[in-house]
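S.K.: Just dropping this structure here.
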Amino acid sequence: MAMKRLLGMVAPVVFLASGLCAQVNEASLTVGRTFVSTQTVLNPPTLSFNPPLHFGNDVTIAFNYGRLLRTHGIFGIRAELPVAFIPRMNLQTAYNGIPRDYSALFVTPAVRVNFFSRDNFTPWASIGGGYGRFSYSDRLMFYDTSQGPGSSSTGILQFGGGLDSWVFENWGARLEFRDFYTGAPNLNGVSGVNITTNKTRQHNYYVGLGILYHF
């Protein structure tokens, strides 16, 4: 009998607690493009000039998980895990000694602050850091020359901002901008020769739009 009474008291508390915690988690999926500024190949062995290295601004897929830590006035503070994947970043230059393209994965745990966090429209800012990996094509720029695949890793700083809009119950839309500040892709030695550019680090500017879910 005592057990039934205890369960009768505990059950409403668990129910209320689950209701209070129901909105602390969120997940988003966005699709967009990553923009990287042009670099210069400083020492191409077979050329008498330093050719520019262009990046293809290719499609990027980004996933994010966030958890509410606390609210204070109009602010909501969240821990988040942004993950961005570039399936292929095309490269273009006059020199054949670099790979045609590379893929990239960025994982950057962060802290995010949402402004007017209880409203239907909430802008936000994010800062964090983590790990990135570049995986290079096994084909060189011209002539379909095989070089064998390669990869390199890098530390990342992440700065971001965006706007969340809650449009239907737990579902919403997200517009986001993030700067994944990484080391430059390590093209030096990838093709068996020493290639360097005028950048040791690079900004990977991601702009994406997608869906958002609270749970």
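The values are calculated or read from the model by the stated rules, or taken from the named source; none is laboratory data. Computed from a prediction, not measured in an experiment: that's the story for all the values here. Backbone-built Cβ (ideal geometry, glycine too); neighbour counts: all protein chains shown.
S.K.: How about region 124-174: which of its residues are under 17 Å from residue 214 (Cβ atoms), assigned to a strand (DSSP E or B) and not small (Gly, Ala, Ser)?
M.R.: 124, 163, 164, 166, 167, 168, 171, 174
S.K.: What number of residues within region 32-57 are in contact (Cβ under 8 Å) with a residue 40 or more places away in the chain and either more than 17 Å from residue 141 (Cβ to Cβ) or acidic (Asp, Glu) (or both)?
M.R.: Matching residues across region 32-57 total 5.
S.K.: Right, something else. Would you be able to tell me the number of residues in region 163-178 that are surrounded by 16 or more Cβ atoms within 10 Å (Cβ to Cβ) and either touching a Phe, Trp or Tyr at 6+ places or on another chain (Cβ under 6 Å) or farther than 21 Å from residue 125 by Cα (or both)?
M.R.: 2
S.K.: Here's another thing I want to ask about it. Within region 194-215, which residues are surrounded by 15 or more Cβ atoms within 10 Å (Cβ to Cβ) and part of a loop (DSSP other than H, G, I, E, B)?
M.R.: 195, 196, 199 - these are the residues of region 194-215 that are surrounded by 15 or more Cβ atoms within 10 Å (Cβ to Cβ) and part of a loop (DSSP other than H, G, I, E, B).
S.K.: Please name all residue pairs, on different chains or six or more residues apart, with Cβ atoms under 7 Å, provided the first residue is in region 125-146 and is modelled with pLDDT of 95 or more and the second residue is outside any strand (DSSP E or B) and β-branched (Val, Ile, Thr).
M.R.: Cβ pairs passing all conditions: 128/108; 129/108; 130/108.
S.K.: Kindly establish whether residue 74 is surrounded by fewer than 15 Cβ atoms within 10 Å (Cβ to Cβ) and either under 18 Å from the mean Cα position of the chain (by Cα) or more than 22 Å from residue 150 (Cα to Cα) (or both).
M.R.: On the way: surrounded by fewer than 15 Cβ atoms within 10 Å (Cβ to Cβ): yes; either under 18 Å from the mean Cα position of the chain (by Cα) or more than 22 Å from residue 150 (Cα to Cα) (or both): yes.
Here the answer is yes, as residue 74 does meet what is asked.
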